[in-house]
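FYI, it's all coordinate maths here, none of it is from the lab. Keep in mind that what you see is a predicted model, and the values were worked out from it rather than measured. Neighbour counts run over all protein chains shown; Cβ positions are idealised from the backbone, glycine included.
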Amino acid sequence: MPLNINRRQFFLKSSKGLIASTTSSLSIKSFGAVFDYARETKLVDSGLSTKQWDMLFAVQNHLFPSEPGIPGAQDINALAYFRSIITDPEYDQNDRVFAKTGLIELEALSNKMMKLSFIELSTEQKEQVLRIFEKQVNGYPWITTQLNYILEALLTDPLYGGNPNEIGWKWLEHTPGFPRPNIQYFDL
């Protein structure tokens, strides 16, 4: 899954995609409207349907739920962060296919086990389905990949689209290193 770019390039390219592609709770205002939209990277189709995005949202929120005083996947913009990555033209096509295939397999398992879409399941049913799914060939790697993206969204500098208002850092009592990323370094 690794890209042939360094971490800085990865985050820079990912953040461009985030600005143009997000339709979740993340707003352009959170970036201070610093990007020139006419110069955005040409995004690619993620290959995911609206229902699959909804399902991924449900998976992320199940894997990393919010609790009082603890941010969850929705709070840290995990879905928007993942969308920015998967729509980046330099993101590996095989990884896009892997993301979609995992959702298809998980939905099929949910329908087989519970006779319901994953989105319609209760918290307990989602847990049961995910526990069976993780034992399948692609299940564990797919879930692990999603957890990695959630953790990236939690720990990234807010400039890159996750961790809005430093919510993850505040929760973890983390002080970021210096120098912090600056918009002047973006290759727009």
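Observations, loosely collected:
- Gain upon complete extension [Q125, L147; 0.36 nm per residue less C-alpha separation]: 6.0 nm
- Gain on full stretching of the segment that runs from A108 to V137 - 0.36 nm per residue minus C-alpha separation: 9.0 nm
- Net charge dipole size for the range 51-113 [Lys, Arg +1 and Asp, Glu -1 on Cβ; Debye, nearest 20]: 220 debye
- Taken about its Cα centre, the range 49-185 carries a charge dipole of about 320 debye when Lys and Arg each add +1 at the Cβ and Asp and Glu each add -1 at the Cβ.
- The count of lysine pairs in the range 49-185 whose Cα atoms are under 28 Å apart, excluding pairs fewer than 8 places apart on the same chain, comes to 14.
- Between R180 and L155, the modelled labels are 1.9 nm apart [label points 7 Å from Cα along Cα→Cβ].
- Size of the range 49-185 as Cα extents on the principal axes (Å, biggest first): 51, 37, 25
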